[in-house]
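To start, the structure under review is shown below, and the notes come after it.
The values are calculated or read from the model by the stated rules, or taken from the named source; none is laboratory data. Bear in mind the structure is a predicted one, so any value in this text is a computation, not a measurement. We place every Cβ from the backbone using ideal geometry, glycine too, and count neighbours over all the protein chains shown.
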Amino acid sequence: MIFRRLGIRGRIAGGSFLVAVLICAGAGLVLNERIAQILRESTESILASDAAPYVAAISNDPGEQLDAPGPAQLVAVTRPDGTTALDTIPSALSDQVQDGLPRDRTVELTADGTTYLVRTEPVSSAQGTWEVVTARSSEEETDALNQMRTLLITTLGVIAVGVLLTAFALTSASLRPVGNIRRTAERLIASPGSELLPVGTVDDEITRLARTLNELIGELRAAADRERQMVSDASHELRTPLAILRTQLELARTGPHSAERLLDDVVGAERSAARLSALVESLLELSSVSAAEPGRSTARELADEVRDAVDRAQFRARDRAVDITETITLADPDLVLALRAEDLGRIIDNLTGNALRAVTDPGRIEVVLSADGTAGTLTVTDTGGGISPEFVDRALDRFSQGDGARAAGSGAGLGLAIVSAIVDRAGGRIILDNRPGTGLGIHITVPAATDGVG
């Protein structure tokens, strides 16, 4: 629980410290065992060295007088008949030695509160088998082992603390950009502006995160700008029909009260209300398109929708001399495209509606749908004379209306904006083929759907 309350810096440093402690503890146990083994081997080597002169003397001449051992050397030599030829071992220890000990092996014996390391080595001679016993207090070995343990614990402790401090320092340095990002984000919350999050010079995870967040901030700012622009444009567009409607109603209320005049005012108010209603419906449609999730349909389903949309356009133009045709070419009818069939219907309704306002009788509108193995293409062309070249760059913007026939009627400049929003959501693209004086062609390409679309 306490570990969870720590920050990232504390968790990384603490985790590194715990790992270092575990590794040091394991290494300490192994090293301690090895040091104890080395010290024991050293003691056994000393015991063998103490016994070596006597082993050599007995082997060369068993009858020769044995020399006395050096100071602090504990040696006992027993003849084959059991008598003692030499003995400098303390009596309490000597009694235990006489009871018999394993040969060629070092054992620990305690006498008078002192622990000794004792080694018995048999020596063969013509008279029989002699025994050379050497002993040494284990105090020196114990003291040396304790000193090595103290040094080992101190060293490993310093290493563990060093790992802790190093991990803390490295983590602090690594997280410093995060602190800068947080402080910048707090400034952006307090006073939104054009500032972005700081991006480091090293291409690491934090730098890539900062870049991604900056892209997100850019998208959010662009969306906020579009929303503000849309609200501003909508307010401007709504203001005019509302003002006209209010004026017409005031005139109907306060003006001359002849039936003909009153009828004209009511008809004018109806037209203003219709334009206002169309504008609100277009805004709602644009909002629903922007908020909807991407969809998918097969090329066959889109072809059926094209036929239905062309039928609707032909019905609207039933009293006019406008030829509306469709051409459908599908290389793979089962190809799944990143577009809903109903959205394709919206696109064609908007484009044919714009074309019908622009085309004069007699005229022609062609709707062509094709699909290969990777994408689908919709082309709508008309003979409506095209649009002003200056208007091409902003034709897809909200509330953009060109001069001339295409701007006539109750349109609010949202038709192509709705088309653009649908195509953008599907990951497609729009190309305007403007032929001033002849007509306008709009080419829309939508990619095949991926597993993430739907």
Revision key, fill the gap. Restricting segment 85-114 to residues that are among the hydroxyl-bearing types (Ser, Thr, Tyr) and surrounded by fewer than 14 Cβ atoms within 10 Å (Cβ to Cβ), the one farthest from residue 44 (Cα to Cα) turns out to be 91
Check your understanding: Before we move on, is residue 60 touching a residue at least 40 places away in the same chain (Cβ under 8 Å) and of a type outside the set (A, V, I, L, M, F, W, C)?
Key -> no
Practice item. Can you confirm whether segment 326-337 contains a residue that is within 23 Å of residue 385 (Cβ to Cβ) and touching a residue at least 12 places away in the same chain (Cβ under 8 Å)? Key: yes
Exercise for review: Please tell me if residue 189 is more than 20 Å from residue 421 (Cβ to Cβ) and surrounded by 12 or more Cβ atoms within 10 Å (Cβ to Cβ).
Suggested key: no
Point to revise | Count of segment 284-299 residues which are modelled with pLDDT under 70 and in contact with a helix residue (DSSP H, G or I) (Cβ under 8 Å, 6 or more places away or on another chain) | key: 5
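For every residue, the table says whether it meets (1) farther than 30 Å from residue 25 by Cβ; (2) at pLDDT below 90.
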| residue | (1), (2) |
| --- | --- |
| 125 | yes, yes |
| 128 | yes, yes |
| 141 | no, yes |
| 149 | no, no |
| 154 | no, no |
| 160 | no, no |
| 172 | no, yes |
| 187 | yes, yes |
| 190 | yes, yes |
Practice item. Hey, can you tell me all the residues within segment 305-330 that are part of a loop (DSSP other than H, G, I, E, B), of a type outside the set (D, E, K, R) and exposed (fewer than 12 other Cβ atoms within 10 Å of the Cβ)? Key: 321
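Every residue, every condition in (1) in contact (Cβ under 8 Å) with a residue 60 or more places away in the chain; (2) not acidic (Asp, Glu), yes or no:
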{"position": "127", "(1), (2)": "yes, yes"}
{"position": "131", "(1), (2)": "no, no"}
{"position": "135", "(1), (2)": "yes, yes"}
{"position": "150", "(1), (2)": "no, yes"}
{"position": "154", "(1), (2)": "no, yes"}
Practice item. Looking for whichever is assigned to a helix (DSSP H, G or I) and either surrounded by 15 or more Cβ atoms within 10 Å (Cβ to Cβ) or small (Gly, Ala, Ser) (or both) here; the options are 216, 170, 175, 196. Which one fits? Key: 175
Practice item. Could you tell me whether any residue of segment 407-430 is in contact with a helix residue (DSSP H, G or I) (Cβ under 8 Å, 6 or more places away or on another chain), in a strand (DSSP E or B) and modelled with pLDDT of 85 or more? Key: yes
Check your understanding: What is the residue count in segment 66-81 for residues that are in a loop (DSSP other than H, G, I, E, B) and touching a helix residue (DSSP H, G or I) at 6+ places or on another chain (Cβ under 9 Å)?
Key -> 5
